[in-house]
Amino acid sequence: FRNFISSWSCRMQGPVPMQQQGFSQDGPGYVPMGGGAQFRQRQLNEADAAAKQMPVKKPVRRVLTSLTLQILIFFSIWWNCFYYVLNILVFVYKGLVLPYPQQNFDMEFSFAWLYIILEIPRLFLVTKGNKAEQVVPIVFSLILALPLLAMYAYFIDFQTYVLKIDLILNGIALGFIGLQVLLSIFAAYRFATATRFV
């Protein structure tokens, strides 16, 4: 009977306002009154923590080194060893068999040593410039390539005795260094103008 009286009195009084129950209608959901500021601050803290945990995307560095040039340099080193040995043997053969003027022989034989003096630092500089993606070493290697190109042209057409093996050896050597010069120019231009990070 007491329960019946209590329920009947509640129905007569009507619903209790939410403010009296301790709730507010601010925001998309009901937030306990007096705790709205704390609730929003907690949301901001959680958002900051999530942002800090997200990985930071670092810029990716582009590889500008010319693989074609480096492969050509590798085979050129082996070819230079083969070329130098054969070139010396050809000069020995000319000096023993052919009536070579002594002055011409001395001058042309000295070119073989000039070849070694110039070719080794040229290959070192072009390799360093290509691997380190630097323009200055490549430019110096191009400067050293100029007298070598002139020497190959001299051996092909202007030396005292031009044998068939001279044409073959110096023609291949001229092709090697000519390709390296072209690829070196392209690589130096790329190093100077390309964007290194994406």
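The values are calculated or read from the model by the stated rules, or taken from the named source; none is laboratory data. A quick note: this is a predicted structure, and the numbers were derived from the prediction, not measured. A quick note on method: Cβ atoms are made from the backbone with ideal geometry, for glycine too, and the neighbour counts reach across all protein chains shown. With ligands, DNA and RNA removed, areas are computed over all heavy atoms of the protein, side chains included. Shrake-Rupley method; radii C 1.70, N 1.55, O 1.52, S 1.80 Å.
Annotations for the structure displayed:
- Screening segment 147-188 for residues that are of a type outside the set (Val, Ile, Thr), within 15 Å of Asn87 (Cβ to Cβ) and not in a helix (DSSP H, G or I) and picking the one that is least open to solvent (accessible area, probe 1.4 Å) gives Gln159.
- Whichever residue in segment 55-74 is open to solvent by less than 30 Å² (accessible area, probe 1.4 Å) and not in a helix (DSSP H, G or I) and, among such residues, is modelled with the highest pLDDT: Ser66
- Scanning segment 134-151 turns up no residue that is touching a Gly at 6+ places or on another chain (Cβ under 9 Å), β-branched (Val, Ile, Thr) and farther than 20 Å from Phe191 by Cβ.
- Unmet requirement for Pro101, which otherwise passes all of (1) modelled with pLDDT under 90; (2) within 35 Å of the chain's Cα centre (by Cα); (3) of a type outside the set (S, T, N, Q): (2)
- Close pairs from segment 90-110: first more than 13 Å from Val162 (Cβ to Cβ) and of a type outside the set (S, T, N, Q), partner open to solvent by 50 Å² or more (accessible area, probe 1.4 Å) and assigned to a helix (DSSP H, G or I), Cβ under 8 Å, at least 6 apart: Gly95/Phe109
- Within this structure, Leu182 passes the test of being out of contact with any strand residue (DSSP E or B) (no Cβ under 6 Å at 6 or more places or on another chain), of a type in the set (A, V, I, L, M) and under 30 Å from Arg62 (Cβ atoms).
- Where a residue in segment 140-158 is on the phi < 0 side of the Ramachandran plot and its partner, wherever it lies, is assigned to a helix (DSSP H, G or I) and of a type in the set (Phe, Trp, Tyr), with Cβ under 6 Å and at least six apart: Met151/Phe111
- Residue that is modelled with the lowest pLDDT [pool: residues in segment 75-97 that are surrounded by 12 or more Cβ atoms within 10 Å (Cβ to Cβ) and farther than 16 Å from Ala173 by Cβ]: Gly95
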